[in-house]
Each structure stands twice: as structure tokens, then as C-alpha cells.
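One structure is given below, encoded as C-alpha cells.
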Amino acid sequence: MDYAAFLERAGFWQLQEEIARATGLAIITTDARGRALFGKSNPLPFCALINSTYEGKMACETFRRELARAVLSGGEVRRRVCHAGLVNIGVPVDRQGIVIAGGVAVARLKEEKLALLADELRYPREKLVALARQVPVWTEARLAEAGSLVRAVTSYAARSFAGHRMLLDILRLSEEMSGEYDEQTLVLRVVRETTRTLDVPVCLLRTYDEEKKALVARTVHGVEGVDPEAIRELPVENSVAGAAFKTGEPVVVSDLRAAGGKMLLPQLAPAVRSALVVPLRAGGRALGTLGVYDMAPRAWDEAVTGYLTAIAARVALALENARIYASLKEYYLSALQALAAALEAKDAYTRGHSVRVAKLARACARALGLNTEEQEQVYLAALLHDVGKIGVSEGVLLKPGRLDPAEWEEVKSHPVVGARIIEPARFPTAVIAAVRHHHEDYGGGGYPDGLAGEEIPLLARVIRVADTYDAMTSARPYRGTLTSAEALEELRRGAGRQFDPRVVEAFLRVPAEEMEEMGGGTLITLLTDVLRRLADSGSGLSWGKGLD
């Protein structure tokens, strides 16, 4: 949600209208660059005339931009006179916007000034002077009183607005965390978003290591040039974070130097002055701590403490879920590997076929210009594309003659069965879709869903070509083999009907010497290798988004 939409949702437009009604001033709310976020309340006809000209509009925009910069750079109220001679008061809302109150003068606008303004705007002098006479002239005392009211109301609203905004940010963060199952990705997102949401310079998340009996830093955000090893481990005893971890309660230190406690960030001792640390607890068990820090002494108020506690509670639950999921994933990967081994033992043809198709599909994806992640995804999907055949009887798989209709239906079920087998492990969506749809025909009429053209996922179209090529060049119980040249010619003939023409064209660009080297390896060996790389946090594949 952008800043203007958020302010409008928070009711700031109505507040602007009420301020204008109560003070009699013209009011406008702008962002940090002076751009109006809503319409102007209590607009002045004189200002409307000026803004109706290009020159006047540009001058007003420049004035608002400079006033916004001055107000937000110091976080203070600023008073300026615009190019037309009207007094304007700029009041900060937060670090992203200001309220400008004006539309009055402290003395009657001079004829000479108006004459120059009319020439500048290329507007009839008499009409401009007539509207200038309608500009309210206020005493300094009245202007100061109205300005104080604007400051008081805006300040009060800003505090409520900040709380409202933090609450929405926390709800958004909670929603994002609920779909994230990679622990490292989760902690990185938490510290980054917490720093922004609570407007603090530094955020640090630690988890407890049972073996080391220490709080281990998982990630820190907001401080450049910190040596991770210098803050890696922290003893539970005699530390601020340790106190929060042991007691299960927030620990607030307004001034770390005055308190004399052990610094959580030893290398930052000269810089970090205050800390707020809350425990991470889930299911009655302490998991670690979440802390925010400031470079100056700070009295952490109850609102910030409450918000950080709310974030920590959600983080702890997400961490627990991520760990449970990681454990389940390991079990499931072991089961998949067992299935792969069973399939290899069941069908000697599948033993080499899936490996060759995976290599061919990856080479084709590279020729298509797909990125590294997509190449890895198509490789994995090709390794798994026939795993659904575990549900097909050996008599059907190894039958030397033509299949009867019932047997053919049994074979046609394997893409759906395969997708169902791998889906619970939350493989990337593209992998699951490629396994399900690798027997769809580009011209329609394939199975299981009869998709056609661009409806078929791209990775499935790649596997369709690689799978068919290997089938044509491999010995089967019911037919002989084709040469590579004959198989490539069949692919050309099938382009547009069975195969995506663009994929066929890319496949034909794979060097002949590379095609000859596609054999070797077993399905279980390569599957184990790629699954381990997938599970590695450094992998380019997005495990946690498999079912998005």
C-alpha cells in the first residue's frame, strides 16, 4: 500500500478537512517531495488562479518541495512565504509527509508585487488584483494561534497514525511469515521489516543453541561493517538478551553505558546506547530473542515494546513451523528417494531414461535462454517426470505388444500420480506443473488435461521434447530404435502438433557432441544430489513457495 493510500485509509483526508474548517486556513498534505496526496481543503480562489497557469503551477510545486525538504530535514515546523506573498506553515506528519497550512497574508499584497506576478503568469493584471483583494489578512497573533492548533492536531494524529501503521505492518509481516518455510529467509525478512516498522537503526535476532548453551546471532540488520563472528555467540548469563531469554519477559535498557550491562554487540559498544530485547517463545519453550537498538539513549515506550513483543510471538511460531517443516521435508525426501529406487528396480528402461531426459531438458532450457533457476527446475522435474509409474503394474510397463484400452488408461494416469506424489513436499510450482503436464500436446489432445499451446507450462513443453527424443532413440520392449538424425526429423515433423516449435528449434541447437554425452548416472544418485542441493539454503530454488 502506497503512502497516500495508507493516509487515506487512516482517515487523514477527513482530518485535513476538519483542520481547515476549524482554523480557516487552506490545508494541503504532501509527501516528502512536496507532491499533494489529496486535494486542497478550503482552497483560495487566488491560489486556484495561479495554479491554472503553467508558470504558477511550477512555482507552487517548487515551493512545496523546498518546504517539505526543510520541514523533514529537521523534523520541525517551518514558516515560509510563497512566491505569491502568502504565508505558509509546514508541519511534519512523520518522516514521509507534511501538512501545509496557509492561504493568508499578514499584510495587504502590494500592487507592484501583483503587477510583476501578473506579467510572470501572463495573466490579466486586473483579474489577478481583484482576486488578491479576497486574500484574508491576519494578525501575527491570530496566525500563531491557528498555527499552534495545526501543530497540536497533526502531532496527536501522527502518533495515532504511527501506531495504526505499525499495527498494519505487523499484520502484513505476520501474513508473509505464515507462508515462509525456509528458516534463514524468515529471519532475514523479520529483522529487515522490524527495523523499518519500528523505525530503529539496528535489529538482531538470536536463537538458542542447546549444544553451545549460548544465544547465537542468526542475522543483524541496520549496521554496516559488522564482523558476524564478533557477535556470533552470547552467553545467557550476564547479558541483556540472556535476561530476556531466561525470564521470558521484555528487557528495556534506556542507556547501556549507564546500566553497566554487557553489550549485546561488543563491536558496537561505542555506538549502540540503548536496547529493547524480547524473548522468542513457542509452545512454552524459549527459542531465542529479538532485539532492537538505538545509537542514543532512548526511553522505549509501552507501544514499541508491545509491538516488538507481538512480532516476536509471531516469529517464534513461524520458526517452530519452519523447523517442523524442515524435519518433515527430510522424511519426505527420503521417501521420494526410496520411490525412485523402487522404480529403477521395477523398470530397467526408466533407470537410464529419466537421467538422460533430465540432461537433455536442461540443455534445451539453456538453448532457450532460460535462467539458471529454471534450468535446475526443469532438470529436477525431468528426473521425477515418470515417478508416477510406480503405480503402474510391471506387466503393463514391460508388455512387449500393443496396450489394450484399460492398460493405456493405466499408463496415462502416471503424470497425475507423479504430481500428487511430489506435491506434499512443496516442490516449486513449476516442477509440480511440469511433472503433471509433460504429456500434453502443443496442438491439443494430449493428457491428462488436454491443454494446448501456451496453456501448457513451458518446462513441461521442454520435457515433452526431451522425453520423446530419448524414447525414440532408446530400445523398448515393443519396438526398435531410431537414429539421432531420424529422431530429430520426427521432432521437426511434430512441431506445432505435438511439440512447441520454439522448443524444438532450441533442442535442435544443442550441440551433437553434447547430445552424445547425455548418458551416465542413475536416477537415485542424481535425484539424491539435486534434492540435497534444493534443500541447501543457498540454492536458487524456492522450496517454500511450492504451493503458492
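What segment 373-416 shows is 42 Å² of accessible area per residue, with the surface traced by a 1.4 Å probe over protein heavy atoms. For segment 207-213, backbone phi angles converted through the Karplus equation (6.51, -1.76, 1.60; θ = phi - 60°) give residue-by-residue couplings of 10, 8, 9, 4, 5, 7, 6 Hz, Gly and Pro being listed as x. Annotation: amide H-H contacts under 5 Å for Arg281 (H modelled 1.01 Å from N, sequence separation of 5 or more, or interchain): Leu287, Ala316. Phi angles across segment 36-43 convert, under the Karplus curve 6.51 cos²θ - 1.76 cosθ + 1.60 with θ = phi - 60°, into 3J(HN,Hα) values of 4, 8, 10, x, 7, 8, 6, x Hz, Gly and Pro given as x. Within segment 67-116, the GluC sites (Glu not before Pro) that combine a DSSP coil assignment with at most 13 other C-beta atoms in a 10 angstrom radius are Glu76.
For segment 121-126, backbone phi angles converted through the Karplus equation (6.51, -1.76, 1.60; θ = phi - 60°) give residue-by-residue couplings of 8, 6, 10, x, 4, 4 Hz, Gly and Pro being listed as x.
Surface composition of segment 388-429: carbon and sulfur make up 58 percent of the accessible area, probe 1.4 Å. Think of segment 1-131 as having a plus end and a minus end, set by charges on the Cβ of Lys, Arg, Asp and Glu; of Tyr3, Ala22, Leu128, Leu128 sits farthest toward the positive end of this dipole.
May I ask you to give the solvent-accessible area per residue for segment 2-117, in square angstrom, as obtained with a 1.4 angstrom probe? Solvent-accessible surface per residue comes out at 47 Å².
The values are calculated or read from the model by the stated rules, or taken from the named source; none is laboratory data. Predicted model only: the values in this text are computed from it and were never measured. So basically every Cβ, Gly included, is an ideal-geometry build from the backbone, and we count neighbours across all protein chains shown. Accessible surface is based on the protein model in full, side chains and every heavy atom, while ligands, DNA and RNA are left aside. Shrake-Rupley method; radii C 1.70, N 1.55, O 1.52, S 1.80 Å.
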